[in-house]
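Heads up, the thing below is written out as structure tokens.
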Amino acid sequence: MKKILRKMSSLILSVLLVCSILPVRVAASYEIPGTCRVQTDSGTAYTVKTLDYSYDNNTYFSLRDIAVLLKDTDKSFSLEVTKNTVSLYLGNVYTPVGVENTPWEDGENPDVSLRRNEFKVNEEKVSYYTLIMELPSGSYDCFMMAADIAMILDVEITVPAAGSLQIHTQEPFSISPAALEQAGYFYGVNSVLVGNATTGELYYQYRADTSYPIASTTKLMTCLLALEAISTGQIALEEQITISETVQALAESSDGVIPLKAGEQITVQELLTGALLPSSNECALCLAEAIAGSEEAFVQMMNQKAQELGLSQAVFFNSNGLPSFTEDPVPAKRQNSMSAEDMFRLASYLLKVYPQITDITSLEEAAIESLGMEVRNTNPLLLNLPEATGLKTGTTNKAGACLVTSLTADDGTMKHDLVVIVLGTEDSIERGRVSGLLARYALNTFYMGMGEPESEADTSAAGNLPTHAEAAVNRILQTAGKH
């Protein structure tokens, strides 16, 4: 089993490019040019240019070089790169422009930034971070992480030796969270959890029973209470809510997202949209005041609901997830917090009782007609996975970057909601990548049977959470051994 685990660790780490590539160093302040020997399973091999962004082994690969390598395989693709855009066409044959698979020029000092450039795959927008740089020839090249390339092309990538990669064009992309955990991949994350909200099964968890700050994922509880108020007739979706001076003050602060003005009116539907898509703090506060009269009273409702749902480690100080200060002479800085297990219970309840929430959270953009403005969803996975339906991002300095992802899956009899919770990554780049990897693992587990319920106990209710991933890990290792 140890041998299999080592094999899986090597395979997964290669996808994430935690590999010992020794870059060719030049005088660069942030981007370190290097090369890597990359080959396909047919034996074709090329030298591929790389850029280590800010740190050794934080490596991005030349898409043009990879395109040449794969042009005669089942995973061929054509590529168009401009200063700020990338267009990739799966299945097309790549036409070289003359800069591919050539070494870096002596003294070349790349000056690029890691950005979410406009990226399309087969004319559909996707969301991946890229380095785009102009080459001496005047052409542009795009550099991407191996994990992102593997997910886009749906291929497996391994590290046969130091300084080299192998692309297995006949093997679909796969992921093993257990191997990632053993290799230390989650050391930079507070906690993660992957499960089936419909059945209560957990596929994988890491430090999921420890409470951490949750930032704007708080708004899931705020919107849950708003949906409850709608269901009881206390408020209505099209009801006009008058904006208070307190809400305007928050909107005008550095934490403001949507310019709400005191005395103006906005509908409950628009407040829900504003809170869930662009993560408007003032929309969440406005909902709280409309439902409870004051945020203080609403916070009591939030904590009471947490107790009812069995969220044993949840504590709320406000409706939006921003840091909350006490009124003491030396104020204490508090933040809403809960464990990933608690968040799984909350998301599961929300998806079961108020599935209509995904009518909002699955939107890439929406109109706030009262204000005459468009808002965009902050969830990048909606662009990368057609199964993604939500749910909520969140970021503060202490909480890090968080994302609660919901995905829809169908077993032929009924639809299931899968949930991926990632709390406390370093930044939105890692949040998206970790969530994307685990979302694909969730789908693979559901459809391919790579995982198993972690407990034989009744998991029909989301409140009955298994406590470890041993059964799922063993099944993953057994499957890897068969392959």
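Could you state how much accessible area ASP72 has, in square angstrom rounded to the nearest 10, with a 1.4 Å probe and all protein chains kept in place?
My reading of the accessible area for ASP72 is about 130 Å².
List the aspartates and glutamates whose alpha-carbon lies under 14 Å from that of LYS352, not counting same-chain residues fewer than 8 positions away?
Partners found: GLU228, ASP417.
Can you work out the accessible area per residue across the chain, with the rest of the protein chains kept in place, probe 1.4 Å, in square angstrom?
41
Which percent of the accessible area of the chain is formed by carbon and sulfur heavy atoms (probe 1.4 angstrom)?
48
Give me D for the stretch 60-139 in µm² s⁻¹, whole number, from Stokes-Einstein with Rh from the Kirkwood sum over alpha-carbon pairs, 20 °C and 1.002 mPa s.
It comes out at roughly 160 µm²/s.
Quick one: length gained pulling SER362 to SER113 fully straight, 0.36 nm per residue minus the C-alpha distance?
Extra length available between SER362 and SER113 comes to 86.7 nm.
Let's see if you can work this out: charge +1 on each Lys and Arg Cβ, -1 on each Asp and Glu Cβ, no other charges. What is the dipole magnitude of the stretch 219-358 about its Cα centre, in debye to the nearest 20?
460
For the stretch 298-457, restrict the atom set to alpha-carbon positions and state the Rg and Dmax in Å.
17.3, 60
Go through THR405, THR210 and list them by solvent-accessible area, largest first, probe radius 1.4 Å.
THR210, THR405
Would you be so kind as to identify all helices of the chain, as entire DSSP H runs, whose Cα atoms reach 27 Å or more along the helix's own axis and whose mean Kyte-Doolittle hydropathy is at least 0.0?
428-448
Can you give the helix-only mean residue ellipticity at 222 nm for the chain, where every DSSP H stretch with n ≥ 4 adds -39500 (n - 2.57) and the sum goes over all residues, rounded to the nearest 500 deg cm²/dmol?
-9000 deg cm²/dmol
Mind checking which of LEU260, ALA45, THR395 is farthest towards the positive end of the chain's charge dipole, using Cβ charges of +1 (Lys, Arg) and -1 (Asp, Glu) about the Cα centre?
Result: ALA45, furthest along the dipole toward the positive end.
Once amide H atoms are placed 1.01 Å from N in the peptide plane, what residues at a sequence separation of 5 or more from ASN101, or on another chain, have their amide H within under 5 Å of its amide H?
The answer is LYS49, ASP65.
For a Förster distance of 30 Å, can you work out the FRET efficiency between the beta-carbons of ALA332 and SER312, rounded to the nearest 0.05?
So the FRET efficiency works out to roughly 0.85.
If you take the beta carbon distance between VAL93 and ALA162 as r and set R0 to 45 Å, what does 1/(1 + (r/R0)^6) give as a FRET efficiency, to the nearest 0.05?
That pair, VAL93 with ALA162, gives E of 0.90.
Evaluate 2.2 N^0.38 Å with N set to the residue count of the stretch 145-266, then give the Cα radius of gyration divided by it.
The value comes to 1.68.
Enter the accessible area of LEU153 (Å², nearest 10), with the probe set to 1.4 Å and all protein chains included.
Spelled out: LEU153, probe radius 1.4 Å, area about 10 Å².
Name the residues whose placed amide hydrogens come within less than 5 Å of the amide hydrogen of THR35, ignoring near sequence neighbours (fewer than 5 apart) on the same chain.
So THR35 has HN proximity to VAL24, THR50.
For SER428, tell me the accessible area in Å² from a 1.4 Å probe, rounded to the nearest 10.
My reading of the accessible area for SER428 is about 40 Å².
Work out, step by step, the length gained on full extension between LYS125 and THR210: first 0.36 nm times the residue separation, then minus their alpha carbon distance; give nm to one decimal.
Full-extension gain reported as 27.0 nm.
If I take every Cα pair under 8 Å that is 6 or more residues apart in the stretch 180-254, average their sequence separation and divide by the length, what percent do I get for the relative contact order?
Worked out over the stretch 180-254, it gives 16 percent.
Taking the Cα centre of the stretch 81-228 as the origin, how large is its charge dipole in debye, to the nearest 20, when only Lys and Arg (+1) and Asp and Glu (-1) carry charge on their Cβ atoms?
The calculation lands at about 500 debye.
Could you order TYR447, TYR129 by accessible surface area, starting with the largest, using a probe radius of 1.4 Å?
Ranked from most to least accessible, the order is TYR447, TYR129.
For GLU239, which sequence-distant residues (separation of 5 or more, or a different chain) have an amide H within less than 5 Å of its own amide H, given hydrogens modelled in the peptide plane?
Answer set, sorted by chain and number: VAL268, GLN269.
Against the 2.2 N^0.38 Å scaling, with N counting residues, where does the stretch 272-386 land? I'd like the Cα-based Rg ratio to two decimal places.
1.18
Estimate the FRET efficiency between ASP410 and ALA236 by the formula 1/(1 + (r/R0)^6), using the beta-carbon distance for r and 51 Å for R0, to the nearest 0.05.
Working from the Cβ atoms, E equals 0.95.
The values are calculated or read from the model by the stated rules, or taken from the named source; none is laboratory data. The model shown is predicted, which means the values in this text are computed figures rather than measured ones. Note: ideal-geometry Cβ built from the backbone for every residue, glycine included; neighbour counts use all protein chains shown. SASA here: full protein model, heavy atoms, side chains in, ligands and nucleic acids out. Shrake-Rupley method; radii C 1.70, N 1.55, O 1.52, S 1.80 Å.
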